1. Does the stretch 96-110 contain at least one residue that is over 14 Å from the mean Cα position of the chain (by Cα), in a helix (DSSP H, G or I), surrounded by 10 or more Cβ atoms within 10 Å (Cβ to Cβ) and of a type in the set (D, E, K, R)?
2. Sort through SER83, SER90, SER30, SER46 and tell me the only one that's without any contact (Cβ under 8 Å) to a residue 24 or more places away in the chain, within 30 Å of ASN133 (Cβ to Cβ) and not in a loop (DSSP other than H, G, I, E, B).
3. Which of the residues belonging to the stretch 139-157 are in a loop (DSSP other than H, G, I, E, B), modelled with pLDDT of 80 or more and aliphatic (A, V, I, L, M)?
4. Would it be correct to say that ALA134 is out of contact with any helix residue (DSSP H, G or I) (no Cβ under 6 Å at 6 or more places or on another chain), at pLDDT 85 or above and aliphatic (A, V, I, L, M)?
Amino acid sequence: MLGKILEALKGAGITRDGDDENTVLGAVGSLIQSIAWKREEAARQSRLATELRTALHPIVDVEDMPDRYLPEQAVAQLNALVSERAAMKSLIATLSAERDLMHNSRVNGAIAHALETGRITKADEDEERAELNADFDQAFNRLSAFRVQLNGQPLNLGGHKPALMEAAERMTRLNAWLDDYQTTHGCSRDTAWKASETDPQMRGIHEAMKAADCLREG
């Protein structure tokens, strides 16, 4: 058996005739190490292939794919995920910008409406804007609870409570319509207010408010 091994080593060019025992033993040791390394590498490649196949299975059918193609497929899927991530980041940035634009529109609309109805003055605008930016719903509800003062003066109908109640009811209906219009169209309060002036249902309320202004001023 030993003779056959030595002949094989000579045939492979690992040893030569005349090599001493140490040279032959060294060659044999190197050969053993090479065989062991190849076995370990084969085992490592097998484990890697198994892990890649498991990872890729939910994404792409690799059941019948040869092991040598698995790394290439993994790289392709990774590149696709990188592209999807970039697209997702772009979409998030777009949605964030749209959210900020809508928020600013709501704040501007609330401020414009509060000024138009006399709920606040220009001197209050910066403070109220900061409150709306911090917590819109809470600040808007607080603004809506302020007393309406058309043309900067409290509505005075000479003590006629029914007329005063009608005015408050009109303002409540108009505010509800404006809120619904803003929610539906995503517009500012000023835009909603202008739309209400031409709406068949709200036109009468605007005319009544103008009549009340004339009565108060008279």
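1. Yes, there is a match, as at least one residue in the stretch 96-110 is over 14 Å from the mean Cα position of the chain (by Cα), in a helix (DSSP H, G or I), surrounded by 10 or more Cβ atoms within 10 Å (Cβ to Cβ) and of a type in the set (D, E, K, R).
2. Matching residue, one of SER83, SER90, SER30, SER46: SER90.
3. none
4. Yes; evaluated as a whole, the condition is true for this residue.
The values are calculated or read from the model by the stated rules, or taken from the named source; none is laboratory data. Quantities reported herein were computed from a predicted structural model and do not represent experimental measurements. Glycine gets a Cβ as well: all are built from the backbone with ideal geometry, and neighbour counts include every protein chain shown.
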